[in-house]
Amino acid sequence: AQVIFLFAPVMAVMALRNVPEIFTELQHQMQARGLHAASLLAQAQGAPSLEMQLSDAGLFLSAPEVQRLQKYLAEVDVPLLTLILDRNFGPTRQAMVQQVWDAVAGSQPSVTLRTIMNQFNSAVHDKVRFGAKTVDQLDREMVMAFHPRGPEDTVTGEEFMGVFRGISVGYTPEVDGDFEMMLTNCFSVAMANAAFEDMLVVKTEAAIRLKLLEKNTRSYGSEKGVLLKSFKSVDPFACGFVDEAGFAKALSLHGAFLTASELRLLYQRYAAEDEAAGTTCVNYIEFVEQFWERTSDVEYFATSYEAGFKKSAMMDTKGAYGTNLVASLRG
């Protein structure tokens, strides 16, 4: 009994989750809550304490974990909801949602919530197909995700993007396939086409450019040298070429962690055949020049940014780099 008593406090300490594990646990709980989980957490932001915010949203952590999370949020000075949402909603998912919005709204700047719900087929959602929820339950969750809008209230493209940014929490951030399948099935929109791939490349490049700006410099223009230096650091023989692994590593040095589909598509756009080696590689000097030219185009960058990247935690709290950049580009 004495041995058990002595080791019990140690085991209790070990059971306390670290910050990444806490975010993973919250994500799992939000996934279980449903499509409207992010909306519930947003509505709870006015609660006087973090513990009450979580409780009001139907999320629960132990008291020590709440304290640990509270300390972390104070250090990074970023709202909890922003951190949770930004973990899951990368360029690929933004491009997918944009394509759904284009199919739902056409050329209109806004549509009613009723129009959206008329095109959302809950019956083919996995949770309904496998008996976890009924059609009525899922429809109710979707309507609640758009809170506080009623059926005849209008929804803009930016608001639509924001709602699905929240819905995205229910899908693991490492793989986009399940999220794509949900959108494809429920809205009857085919994602795999050249227009979608072009849009994804645009958004991925814009996201990389913003990461470079956020992490490495406060002055627009110096990211080009920083990016080139990153590629040189993964090219020990100074040959001027990198394979797909080196390409990914160079981009990851600045926090530009891409999903497999994003990386593959971007790499294929710039890679060339190495006939001698029987493989492909990227001339990174040419890549940096082309990347720089494409993302320096005023309308290219501004449009990509305004399509959803202004929601990132860094831009919300570290000086609004993206907003200032677009403003400077547009003069």
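The values are calculated or read from the model by the stated rules, or taken from the named source; none is laboratory data. These figures come from a predicted structure and were not determined experimentally. Glycine also receives a Cβ, built like all others from the backbone with ideal geometry; neighbour counts cover every protein chain displayed. For the accessible areas, the whole protein counts, side chains as well, though only heavy atoms, and no ligand, DNA or RNA atoms are used. Shrake-Rupley method; radii C 1.70, N 1.55, O 1.52, S 1.80 Å.
Across the range 137-192, the convex hull enclosing all Cα atoms gives 105 Å³ per residue.
Taking a ≥ b ≥ c as the square roots of the Cα gyration tensor eigenvalues, the range 14-57 comes out oblate, since a/c reaches at least 1.5 and a/b does not exceed b/c.
What FRET efficiency comes out for the pair residue 117/residue 45, r = Cβ-Cβ distance, R0 = 30 Å, nearest 0.05?
Efficiency for this residue pair is about 0.70.
Applying a threshold of 22 Å to the alpha-carbon distances of 203/224; 133/203; 203/249; 71/211 flags 133/203; 71/211 as lying beyond it. Cα-based values for the range 53-102, radius of gyration first and Dmax second, are 14.9, 45 Å. Taking every protein chain into account, the accessible area of the range 9-105 amounts to 46 square angstrom per residue (probe 1.4 Å).
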